[in-house]
2 protein chains.
Amino acid sequence: MEDDFAQWYTDIVKKADLADYSSIKGCMIVRPYGYAIWDLIKEELGKRFKETGHENIYMPMFIPESLLQKEKDHVEGFAPEVAWVTHGGKEKLAERLCVRPTSETLFCEHYSNIIQSYRDLPKLYNQWCSVVRWEKTTRPFLRTTEFLWQEGHTAHATYEEAQDETIRMLNIYADMCEKALAIPVIKGKKTDKEKFAGASETYTIESMMYDGKALQSATSHNFSNSFAKAFDITFTDKNNELSYVYQTSWGASTRLIGALIMVHGDNNGLVLPPVVAPIQAVIIPIAQHKEGVLDKSGEIKSRLSKTLRVTMDTSDKSPGWKFSEYEMKGVPVRLEIGPKDIDANQAVLVRRDTGEKKTVSLDFIESEVIELLCDIQNNLLKKARESLERKIYKAEDITTFEKIITENKDL
Amino acid sequence: MEDDFAQWYTDIVKKADLADYSSIKGCMIVRPYGYAIWDLIKEELGKRFKETGHENIYMPMFIPESLLQKEKDHVEGFAPEVAWVTHGGKEKLAERLCVRPTSETLFCEHYSNIIQSYRDLPKLYNQWCSVVRWEKTTRPFLRTTEFLWQEGHTAHATYEEAQDETIRMLNIYADMCEKALAIPVIKGKKTDKEKFAGASETYTIESMMYDGKALQSATSHNFSNSFAKAFDITFTDKNNELSYVYQTSWGASTRLIGALIMVHGDNNGLVLPPVVAPIQAVIIPIAQHKEGVLDKSGEIKSRLSKTLRVTMDTSDKSPGWKFSEYEMKGVPVRLEIGPKDIDANQAVLVRRDTGEKKTVSLDFIESEVIELLCDIQNNLLKKARESLERKIYKAEDITTFEKIITENKDL
């Protein structure tokens, strides 16, 4: 990873069975292990969205060309990179449809139909789906033609409420990144040039990769009432006056899996924080043909499975092969148990983040593994925070700036 | 519903806030209440898929024209009804891409890359996504241009294993329909003319709607090795010989929501079985401005919310309006509580399926509501089963057949 970070990244994606290439340019296959991580991220985000009163909805994947064109800045930003459907079966369509690159226009059309009074506000909707943006250069999870994401779309009675929502969701993303992904983030506001096409303000959380590059990890936009004006989304307020709604949107995608790889990974492969690890502990029986080893391993598996995501590898591969395999997959804890351990009523726990080994009594195996997982989760966040802080420099003038850049090759 | 069943159906879809029309022909918006039902169906199916060892995966939404054409019967069946993407941004694509109508071809291409040995089998994959089929006439949930579904795709070493899987999944669908949706089904095999494009055998579960029509509710296909031959998916078997894999696919969609409406609904609206009801009980405070009513209602809500999906309506609408609203939405149990009830330490429970009222003590409110929900779930299945059986007639010859059809206008 020190020599060729880009190649190291691609190798992990393939070797940890996270994703595979497809024959469609720029589109990837999210394999079961990668998808299981995404499912856990969805669970973490979904929980937070629900707690803050958001509801899931599903909009069509197509947008008629005329609808996409309603908001001037928005169409300018997205039209150059959309996929166009021109035929349905053998018939040429009267109007081209684009495959959604994002769904503001569809939500706006729906909101203009269902919002009448202040009693209908706020509308706090979220959608889990895939979107398509025709990209020239692609990399698995980081930038692909089609990607999985969630897009929140809300409508409010006032600018202030919309602004509160924009910041609330930015904070939810930051919280999820820190607590679940063990990735500390820096919150910021985009410049006018970089903000989302059609937004009044765009906020972002940025995380620091191992190679010193920042990765935009989620964004939250306040649209003020510009889309409402373009789509005529009005409501009767408490004083019986007609007013435009204020809107927000916010999104996070499978790119977060790319962040996990580049923040925590090492030369042995992926390193997953326990909260989003599809397998939190793997049991590797040693000398598994010897009497009692498989029975004991199975017993430990059922004990641990009551509260944890645990797997046991009883294949005929060698223990050494299995060690590397689960290291590559970033499984936080490996539990080794052989005949001698069983005699001594113990097992060996190996943590993925530091490689440290620890012999523990089988009597307390559940609490030992859980404590270790908590420790790993905390340690990954701590390490990532130190790495982030180490890569922050202050420059008061351009000369210092240039000097810092030249002297620190990891920047 | 007796006079115009089709209109009654469409009214419920709109009035119960299940779905809305969009400006894209044949595509619908699944609104939060409808989507919440879908989420519960997903949970019920997902649990069963996981228990039988299936893993989730995500494939691209596009299929290159040449890939779709690899299996002769398959392309003949689907090509006439797909949406074609011809442009990415401003560029015309070298090869047209279709938006997936189903993903056999993509799974086959992936399987041909990742399956080498018998050790790699079986592959038990499932995908949750939306698919597009260019339909001439559409109806919300029953037949739409785009719809949400799951598609399972598996690969096995032998025909027998594939056949076992095909039947296993058919049984899982049947089990989910009966236990969760309270819809009894009839399992059957499709004729050669009706089977899935490319399949060796297609099995179906059919359920009986209120108007006497059958609805195909899920299908399960055994492909034998025909796709494997077309896509060259081979593996080295235990005797070190090269062999083609045997495949299956199986799917269920948001059409199941249409079945729920048409099996259980009545002239007051939707009737939902508790297992898939987003709101299992609604609390309606009576004379809510009187002292203590809201406090007591809130207390009951928190007690019930520990195990159930409960909502409380404290809006300024009249109780009568609220009763109709939650009847329309099919909420299984309504709990009414007013000042007199509070004095008597009781509440009134009204069940949606029969309209029966029951006064119960607040001391046992949790168990009273849970028992009632179980009773409703069982009663809906019983009623649906009776309705199914009542609509089955036996005809030994064509004359009897014609006579039965003529004499029974609900057929």
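Could you work out the mean count of beta carbons from other protein chains within 10 Å of each residue's beta carbon in B:88-97?
Per residue, the number of nearby Cβ atoms from other chains is 5 on average.
Just flag the chymotrypsin sites (Phe, Trp or Tyr not before Pro) in the stretch A:310-411 sitting in loop per DSSP whose Cβ has no more than 13 other Cβ atoms within 10 Å.
A:Tyr393
Extending each Cα 7 Å along its Cβ direction at B:Ile398 and B:Lys229, get the distance between those two points in nm, one decimal.
Taking the simple label geometry, B:Ile398 and B:Lys229 are separated by 3.7 nm.
For the protein assembly as shown, compute the orientation-averaged projected area of the C-alpha convex hull (one quarter of its surface), in nm².
Its average projected convex-hull area is 41.7 nm².
Given a Förster distance of 22 Å, report the FRET efficiency between A:Thr359 and A:Asp266 from their Cβ-Cβ distance, rounded to the nearest 0.05.
Step by step, r from the Cβ atoms, then E = 0.35.
Once you put a point 7 Å from the Cα of B:Glu407 and another 7 Å from the Cα of B:Arg143, both along the Cβ direction, what distance in nm separates them?
About 3.2 nm separates the two model spin labels.
Taking the Cα centroid of the stretch A:11-80 and of the stretch A:183-205, what is the distance between the two, rounded to the nearest whole Å?
19
Taking every residue in A:30-39, how many Cβ atoms of other protein chains lie within 10 Å of its Cβ, on average?
Mean number of neighbouring Cβ atoms from other chains: 4.
Placing +1 on the Cβ of each Lys and Arg and -1 on the Cβ of each Asp and Glu in the protein assembly as shown, which of A:Phe62, B:Thr399, B:Tyr210 has its Cα farthest towards the positive end of the resulting dipole?
A:Phe62
What size of dipole, in debye to the nearest 20, comes out for chain B about its Cα centre when the only charges are +1 on Lys and Arg C-beta atoms and -1 on Asp and Glu C-beta atoms?
That gives a dipole near 520 debye.
Dipole of the stretch B:274-389, Cα-centred, from +1 at each Lys and Arg C-beta and -1 at each Asp and Glu C-beta, to the nearest 20 debye?
In debye, rounded to 20, the stretch B:274-389 gives about 260.
Taking the solvent-accessible surface of protein heavy atoms with a 1.4 Å probe, what is the per residue accessible area of chain A in Å²?
Normalised by residue count, the accessible surface of chain A is 44 Å².
Along Cα→Cβ at 7 Å, what distances in nm separate the B:Lys50 label point from those on the other copies, shortest first?
So the distances to the same position in the other copies read 1.3 nm.
Can you list the residues of the stretch A:313-347 with backbone N under 17 Å from a point 7 Å past the Cα of A:Ala287, pointing along Cα to Cβ?
Counting backbone N atoms under 17 Å from the label point, the list is A:318-320, A:336-347.
In percent, how large is the relative contact order of the stretch A:180-259, given Cα pairs closer than 8 Å and 6 or more residues apart?
About 24 percent, as a whole number.
For n ≥ 4 DSSP H runs only, could you compute -39500 (n - 2.57) per run for chain B, divide by its residues and tell me the 222 nm figure to the nearest 500?
-11500 deg cm²/dmol
Which pairs in the list A:Lys15/B:Lys123; B:Lys301/B:Lys340; A:Lys42/A:Lys301 are over 24 Å apart, alpha-carbon to alpha-carbon?
Correct reply: A:Lys42/A:Lys301.
Filter the trypsin sites (Lys or Arg not before Pro) in the stretch B:235-314 down to the DSSP loop ones having no more than 13 other Cβ atoms within 10 Å, then list what survives.
Those that pass, being in a loop and sparsely packed, are B:Lys238, B:Lys290, B:Lys306.
For the pairing of chain B with chain A, what total accessible surface becomes buried, with a 1.4 angstrom probe, in square angstrom to the nearest 100?
4200
When the Karplus curve 6.51 cos²θ - 1.76 cosθ + 1.60 is applied with θ = phi - 60°, which whole-Hz ³J(HN,Hα) does each residue of the stretch A:312-317 get, with x for Gly and Pro?
Computed from phi, the couplings for the stretch A:312-317 are 10, 9, 10, 5, 8, 5 Hz.
How far apart are the A:Ile405 label points across copies, placing each 7 Å from Cα toward Cβ, in nm, shortest first?
For A:Ile405, the inter-copy label distances come out at 8.2 nm.
Could you derive backbone 3J(HN,Hα) for the stretch B:151-157 from the dihedral phi with the Karplus parameters 6.51, -1.76 and 1.60 (θ = phi - 60°), listing whole Hz in sequence and x where the residue is Gly or Pro?
The phi angles translate into 10, x, 9, 10, 10, 9, 7 Hz.
For B:Glu55 and B:Asp295, FRET efficiency with R0 = 56 Å and r from the beta-carbon atoms, rounded to 0.05?
Result of the calculation: an efficiency of 0.70.
Counting only residues 5 or more places away or on other chains, whose amide H sits under 5 Å from the amide H of A:Phe223 once H atoms are built in the peptide plane?
Amide H to amide H, under 5 Å and 5 or more residues apart or across chains, A:Phe223 pairs with A:Ser200, A:Gln247, A:Thr248, A:Ser249.
In the structure shown, do any of A:Lys290/B:Lys229; A:Lys50/A:Lys195; A:Lys136/A:Lys195 have a Cα-Cα gap over 31 Å, and if so which?
Table pairs above 31 Å Cα-Cα are A:Lys290/B:Lys229.
What spacing in nm lies between the two simple spin-label points modelled at B:Arg385 and B:Ala94, each 7 Å away from Cα in the Cβ direction?
6.0
Work out the FRET efficiency for A:Arg303 and A:Lys14 from their Cβ-Cβ distance, taking R0 = 35 Å, and round it to the nearest 0.05.
0.55
Identify, among B:Asn379, B:Leu260, B:Ile365, the residue whose Cα sits farthest towards the positive end of the charge dipole of the stretch B:252-411, taking +1 on the Cβ of Lys and Arg and -1 on the Cβ of Asp and Glu, with the dipole about the Cα centre.
B:Leu260
Label position 7 Å from Cα toward Cβ: report the copy-to-copy distances for A:Lys90 in nm, one decimal, ordered from shortest.
Shortest to longest, the spacings are 3.4 nm.
With no solvent and one equal point scatterer per Cα, compute the Debye intensity ratio I(q)/I(0) for chain A at 0.07, 0.09, 0.12 Å⁻¹ and report its log10, rounded to two decimals.
Per q value, in the given order, log10 I(q)/I(0) is -0.42, -0.66, -1.02.
Looking at the stretch B:327-399, which GluC sites (Glu not before Pro) are DSSP coil and have at most 16 other C-beta atoms within 10 Å of their C-beta?
Of the GluC sites (Glu not before Pro), the ones in loops of the stretch B:327-399 whose Cβ has at most 16 other Cβ atoms within 10 Å are B:Glu356, B:Glu396.
For the stretch B:5-264, what's the relative contact order in percent, using C-alpha pairs closer than 8 Å and at least 6 residues apart?
Normalised by residue count, the contact order of the stretch B:5-264 is 20 percent.
Which three lengths, in whole Å and largest first, does the stretch B:98-202 cover when its Cα atoms are put on their principal axes?
Answer, in whole Å and largest first: 45, 35, 29 Å.
Under a Cβ-only charge scheme (Lys and Arg +1, Asp and Glu -1), can you give me the dipole magnitude of the protein assembly as shown about the Cα centre, in debye to the nearest 20?
380
Karplus couplings for the stretch A:351-366 from phi (6.51 cos²θ - 1.76 cosθ + 1.60, θ = phi - 60°), rounded to Hz, Gly and Pro as x?
Each residue of the stretch A:351-366 in turn: 8, 6, 6, 10, x, 4, 10, 8, 9, 10, 6, 5, 4, 10, 4, 4 Hz.
The values are calculated or read from the model by the stated rules, or taken from the named source; none is laboratory data. Predicted, not measured: the structure shown is a model, and the values here were computed from it. Glycine also receives a Cβ, built like all others from the backbone with ideal geometry; neighbour counts cover every protein chain displayed. We work out accessible area using only protein heavy atoms, side chains counted, and drop any ligands, DNA or RNA first. Shrake-Rupley method; radii C 1.70, N 1.55, O 1.52, S 1.80 Å.
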